[in-house]
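Student: Mind having a look at this structure? Questions to follow.
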Amino acid sequence: MSVQSLAPTGFVRPREDIGKAIVYTCVSVVLGALLNVGLKWLSDSYPAVELTFLRCLFGFVPVLFVVRGGGGVRSLQTRRPARHFIRAAFWCGAFILSFLSLKFLPLAEAVSLSFLAPIFMTALSVPMLGERVGIHRWSAVIVGFIGVLVMARPSGQFLQLGTVFGIGSALCSAFGALSVRQLSHTETTAAITCYMNVFAALILAVALPFAWVTPTWTAALTIFGIGLLGGTGQYLSTQSLSCAPAAAIAPFSYTQIIWAVILGYLIWGDLPDLSLVIGVALVIASGIYICIREMHWHRVALARRSEPD
């Protein structure tokens, strides 16, 4: 069965538009920074499962507009529900672990660990996508992990829970991003966004009775805002992956650290120390190098396709 035969009726895969993908990514990063502030503020009072469930529930508000603008119910046709479910499971893991990382670490440090996701994506592209990763990209992966060791100050703090949760979140995010790239060949952005929320809510609902704290009115409004920010940001992130290769837009996700440092300082008075700065620099440098290599091979592949037989 061909890839195109799996697509819903009337589905047209978005044309590649790297400029538009970059804009989507940058806006998504700003929304994500505000979302992280809200989560960190609520982290001492509410369980991760509850906040993740409510994030999905309130995230349906922007999702409904996405579905309406994407062609209505017809845009939700799919023959790949199992892949949507798997993607939602990875998203649940990434979000819950990210929340726990924010609870135990300063904002900038928790966000910096999320930069491992592109590095994990490179390593996982071998078994998941069958791609060949050469010595240059493997070297960049190693440098990235050295950066994490530096950030974590390997004097014994590396095994602290916040760091472990942050690394786990990045790993789940990498799986989820690769799943989006696979799904975008046959599924609409509306379908990918909607089914993620539906399946994630179902998964979390099982555990919700065991992890529920009734929120105050202030917390409820904050959670509602988190849902709106998260649903909108998720749509923009998904749309960016549909418009361009992940390698082309990954460098712009690193602007998260700028917002994390600014907001962390303004709200909690946190300032990054030297080990965090050096570690982040190593991780970002390795991620950018990976992106440059992938963009090079992407251009080579396009050139070969355009050559006459």
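Student: Which of the peptides 32-39, 78-85, 210-217 is most tightly packed, and how do the rest follow, judged by the mean count of other Cβ atoms within 10 Å per residue? Don't skip to the end; give the middle numbers.
Tutor: Values: 32-39: 22.0, 78-85: 15.6, 210-217: 11.4.
Ranked by mean Cβ neighbours within 10 Å, highest first: 32-39, 78-85, 210-217.
Student: Sequence gap at least 6, Cα distance under 8 Å: using those rules, report the relative contact order of the range 16-304 to the nearest whole percent.
Tutor: On the way: 415 pairs, mean separation 117.1, N = 289.
Rounded, it is 41 percent for the range 16-304.
Student: Additional query: Taking the beta-carbon count within 10 Å as an exposure proxy, list VAL30, VAL261, VAL180 from fewest neighbours to most. Mind dumping the intermediate values first?
Tutor: On the way: VAL30 15, VAL261 21, VAL180 24.
By the 10 Å Cβ count, ascending: VAL30, VAL261, VAL180.
Student: Rounded if a/c is under 1.5, else prolate if a/b is larger than b/c, else oblate: which is the range 16-304, with a ≥ b ≥ c the root eigenvalues of its Cα gyration tensor? All intermediate terms of the calculation are to be shown ahead of the outcome.
Tutor: Working: a/c = 1.68, a/b = 1.04, b/c = 1.62.
Taking the square roots of the gyration eigenvalues as a ≥ b ≥ c, the range 16-304 is oblate.
Student: With a/c under 1.5 counting as rounded, go ahead and sort the range 44-127 into rounded, prolate or oblate using the C-alpha gyration tensor (a ≥ b ≥ c being the square roots of the eigenvalues; past the cut-off, prolate if a/b is larger than b/c, else oblate). Provide the component values of the computation, followed by the final result.
Tutor: Numbers: a/c = 2.31, a/b = 1.36, b/c = 1.70.
The shape class here is oblate.
Student: Also, I was wondering about something else. Ranking PHE60, PHE175, PHE115, PHE65 by Cβ neighbours within 10 Å, fewest first, what do you get? Please report the intermediate quantities before stating the final value.
Tutor: Working: PHE60 17, PHE175 20, PHE115 26, PHE65 13.
Ordered from fewest to most neighbouring Cβ atoms within 10 Å, PHE60, PHE175, PHE115, PHE65 come out as PHE65, PHE60, PHE175, PHE115.
Student: Residue-wise, which Karplus ³J(HN,Hα) couplings in Hz belong to the range 185-193, taking 6.51 cos²θ - 1.76 cosθ + 1.60, θ = phi - 60°, and x for glycine or proline?
Tutor: Residue by residue, the range 185-193 yields 5, 10, 10, 6, 4, 4, 5, 4, 5 Hz.
Student: Which of ILE267, ILE249 comes first, and how do the rest follow, when ranked by fewest Cβ neighbours within 10 Å? Display every interim value, and only then the final one.
Tutor: Values: ILE267 12, ILE249 23.
Ascending Cβ contact count within 10 Å gives the list ILE267, ILE249.
Bear in mind these aren't lab numbers, they're just calculated from the coordinates by the rules spelled out. The structure displayed is predicted, hence computed values, not measured ones. For neighbour counting, all protein chains shown are included, and Cβ atoms are generated from backbone atoms with ideal geometry for every residue, glycine included.
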